[in-house]
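Asks: Encoded as structure tokens, here's the structure I'll be asking about.
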Amino acid sequence: MSWGGCKGVAHFRVGDILNLDDICFDEFDIIITSRCLINLTSIQDQLKAIKNIHLALKPNGIYLMMENFIEPLQNLNNARSRYNLEPIEIRWHNLYINQEQFLDQISNLFSVVKIDNFASTYYLISRTLNAILNLKDNKVDYNSTLNELAAKLPSLGDFSPEKLIVLKKYNYYRLISIVSLHRRHSNFMGFIIIRSLTLLGRANEQKVY
Ligand SMILES: C[S@@+](CC[C@H](N)C(=O)[O-])C[C@H]1O[C@@H](n2cnc3c(N)ncnc32)[C@H](O)[C@@H]1O
């Protein structure tokens, strides 16, 4: 194996995303998952994984989340229905994420930097037009010229179940717990300080991006 410029810099460890024993706090600048959360078996586990990722990131750390979502699959299946194509089912071992609900649930932990539907046009063409052409032969040609051409087009719309969401760790979260100690002395002051920190945290996010 060639290490290139990574020798002494990159280290590989195998770990369970649901078990923090393997993870240091505030250790990573960037964390990437690629179709990992969708292989967890419950929404509770997916949220636990997200909390672990949040803890493992350094302040201002970035989480690159490349996972599969329910809404674009519905959009894709709506497009397929125009051609009388059967809906694509989610395979039994995958738990796709409800994007809207999910972003709401993690809104205390991360700000959304970018949502990149990088494969949308490819999915739309490969799962509609290419699927229809394939129906004639009754076999799917994943390497068809149409798919190759579709992959070169700009990505438009929200038709790819797999997408990249770039999230940035909120840092005020931890400050809130420190400040909450003061609430014993004055609930009202505690509330004012917590609200200020929350707004400050959001203002800072906007400055950076
Ligand atoms: C669908 S595969 C994706 C593989 C590869 N990242 C890709 O995108 O082609 C799901 C991956 O999630 C990993 N995975 C599942 N549960 C995990 C857990 N609890 N902790 C860490 N990784 C896990 C599996 O080992 C597998 O490599």
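All of the numbers you see were taken from the coordinates with simple rules; none came from a lab. Keep in mind the model is a prediction, meaning the values are calculated, not measured. Using ideal geometry, Cβ is built from the backbone for each residue, glycine included, and neighbour counts are taken over all protein chains shown.
Asks: Bin all alpha-carbon pair distances of segment 1-94 at 5 Å intervals from 0 and give each bin's fraction as a whole percent.
Replies: Percent of pairs per bin, in order: 3, 11, 16, 18, 15, 12, 10, 7, 5, 3, 1.
Asks: Now, a different point. I'd like to compare 124-134, 8-18, 145-155: which one has the highest average count of other Cβ atoms within 10 Å, and what's the full order after that?
Replies: Highest-to-lowest ranking by the protection proxy: 124-134, 145-155, 8-18.
Asks: If you don't mind, another one. For a distance above 21 Å, tell me the whole-number percent of Cα pairs in segment 15-170 that qualify.
Replies: I get 51 percent for the Cα pairs in segment 15-170 exceeding 21 Å.
Asks: What is the set of long-range amide H partners of T128 at a cut-off below 5 Å, with H atoms built 1.01 Å from backbone N?
Replies: Those qualifying (amide H under 5 Å, at least 5 residues apart or on another chain) number zero.
Asks: Same structure again: Could you pull out the pairs from K48/K114; K7/K168; K48/K168; K114/K169 whose alpha carbons sit more than 24 Å apart here?
Replies: Listed pairs above 24 Å: K7/K168.
Asks: For a quick check of your reading of the filter: which chymotrypsin sites (Phe, Trp or Tyr not before Pro) in segment 62-120 sit in a DSSP loop and have no more than 15 other Cβ atoms within 10 Å?
Replies: Hits after loop and neighbour filter: Y83, W92, F118.
Asks: Return the long-range amide H neighbours of Y170 (sequence gap of 5 or more, or a different chain), with a cut-off of under 5 Å between placed amide H atoms.
Replies: Distant-sequence amide H within range of Y170: F110, S111.
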